[in-house]
Amino acid sequence: MFYGDRMRVLGLVFSARERGNCYYCVNYCLEKFRVHGFETQLINAYDYEIKPCSHCNYECFSKELESREERCPIKDDLPKIYDLMEKADILIFGIPCYAGHVSGLYRAFSERMASLGWSKIEKILLNKLKGFIVVGNLSAWGDLTLHEVLVDFYNAKIPPEALLLQTLEYGRISLKGDLIEESIVKKKLEWLVNRLIKKYEQLV
Ligand SMILES: Cc1cc2nc3c(=O)[nH]c(=O)nc-3n(C[C@H](O)[C@H](O)[C@H](O)COP(=O)(O)O)c2cc1C
């Protein structure tokens, strides 16, 4: 939980496994944010139940469909995650490329936001300062995955910062999850953190 009154950074990791490139890269960024005096928290999707849109009656569109408000019937941990996003000043995401797309966990997180309504989506995501780390190789649709993430923000008031990390660039195998051992990767992540901090200072 966020406890103090310092500026807050929330890291969100959307890999299917507990610890891999996304986890270590986001965690490294959070360490750097702490050095700059930020309070941080890491949400690892691995530890949460996140369900895709399913077994519903489009309650999120009930106002348009039936002129009345109905709630999303899905019970899982996403409301807890959305609450933490609301409390954070900066969001930093770690998203793996799976079969040329964002992971199913990120997709579920993203599509379920429809249940929140537009003003809440703006509040917790679109109007927040945010950075995306996508892990995937250019030769295996990593670029399409990055695009898939960024296209959601084409018109956002605060455009996201983004990094595509390719294990092949460093002669590593992505499944090993050891990209963070590469000094250039650390430099790239530091660049991302510094950019977000600079933008943050310009905003406040
Ligand atoms: C089911 C699955 C599908 C994958 N598909 C791709 C792919 O299409 N392109 C790619 O560059 N890497 C692909 N990968 C490799 C992952 O992107 C890579 O292992 C990345 O490091 C995963 O993040 P993690 O290390 O945080 O788990 C795939 C991995 C898995 C498990």
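Before moving on, here are some points about what is shown:
- Qualifying residues in the stretch 102-136 (those that are more than 20 Å from LYS87 (Cα to Cα) and surrounded by fewer than 17 Cβ atoms within 10 Å (Cβ to Cβ)) - the one farthest from the ligand (Cβ to nearest atom): GLU111
- Leading residue by the ranking (nearest to the ligand (Cβ to nearest atom)) among those in the stretch 161-193 that are assigned to a loop (DSSP other than H, G, I, E, B) and open to solvent by less than 30 Å² (accessible area, probe 1.4 Å): GLY177
- Single residue of SER103, SER110, SER139 found to be hydroxyl-bearing (Ser, Thr, Tyr) and modelled with pLDDT under 95: SER139
- Candidates are the residues of the stretch 137-160 that are surrounded by fewer than 18 Cβ atoms within 10 Å (Cβ to Cβ) and within 13 Å of the ligand (Cβ to nearest atom); the one that is nearest to CYS25 (Cα to Cα) is ASN137.
- Just one of the listed residues (SER62, SER67) is open to solvent by 60 Å² or more (accessible area, probe 1.4 Å), of a type in the set (Gly, Ala, Ser) and modelled with pLDDT under 95, namely SER67.
- A Cβ distance below 9 Å, combined with a sequence gap of six or more or placement on separate chains, defines the contacts here; from the stretch 138-150, residues that are over 11 Å from LEU164 (Cα atoms) reach residues that are of a type in the set (D, E, K, R) in the pairs GLU148/ARG107.
The values are calculated or read from the model by the stated rules, or taken from the named source; none is laboratory data. Bear in mind that the values here come from a model prediction, so they are computed numbers and not experimental data. Don't worry about glycine lacking a Cβ; one is built from the backbone with ideal geometry, like all the others, and counts go over all protein chains shown. Ligands, DNA and RNA are excluded from the accessible area calculation, which covers all protein heavy atoms including side chains. Shrake-Rupley method; radii C 1.70, N 1.55, O 1.52, S 1.80 Å.
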